[in-house]
Amino acid sequence: MAKQAKRQLAGSGEALPVGVIGEIITSASSTTGTFATGVTVQNVGVLTLTPGTWIVSANVKFVTPNSFTVHTLSISPGSGTIDDTSSIQPQAAQADAYDSAANLMRIVRVTANTPLYAVTRTWIPTGTASYTSMVFVALRIA
């Protein structure tokens with residue numbers, strides 16, 4: 001599940017007060033998890049944005065042994081909900097390999113503290129699949 005988000009100055013690791021342009025919030029870096037057979041929708045990261053304008057990025061690698069699957073990654077205002085206006089279905093990385101990576105970016109403006117979720121939806125005909133190297137990041141731009 002998602003780790004506690006942290007705030008820092010881009011590239012320095014130095015803590016910033018809330019509201020400073022350049023503030024970064026990260027969640028679930030290098031997290032791994034699994035998906036069961038069938039259709040699974042789950043949160044893989046959560047950030048709470050403070051008032052302002054943010055560039056939000058979600059990246060995840062899906063690892064699927066032995067069977068074709070369909071994966072979706074979404075940046076969503078709803079927990080456990082795919083936002084079809086901000087989602088992507090990555091293609092397989094190469095022929096005969098079922099691993100795929102999804103990279104998604106969205107600009108979000110909020111006027112109150114607002115949670116935002118990285119949500120995956122996966123369809124697996126048999127067995128299990130997993131995700132690795134999940135990173136969910138927000139950069140304050142205004």
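What follows draws every value from the coordinates through simple rules; no lab data is involved. Predicted model, so just to flag it, every value in this text is computed and none were measured. Every residue, glycine as well, gets a Cβ built from its backbone with ideal geometry; the counts of neighbours run over all protein chains shown.
If you place +1 on the Cβ of every Lys and Arg and -1 on the Cβ of every Asp and Glu, how big does the dipole about the Cα centre of segment 30-140 come out, in debye to the nearest 20? Mind showing how you got there, number by number?
On the way: 5 positive and 4 negative charges, 67 e Å.
Here segment 30-140 has a charge dipole of around 320 debye.
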*asked:* Given R₀ = 22 Å, what would the calculated FRET efficiency be for Ala36 paired with Ser133, taking r from the Cβ atoms and rounding to 0.05?
replied: 0.60
_Can you give the FRET efficiency to the nearest 0.05 for Gln89 and Val18, using r as the Cβ-Cβ distance and R₀ = 25 Å?_
0.15
*What length, rounded to one decimal in nm, is gained on full extension from Thr48 through to Trp123, with 0.36 nm per residue of separation minus their alpha-carbon distance?*
24.2 nm
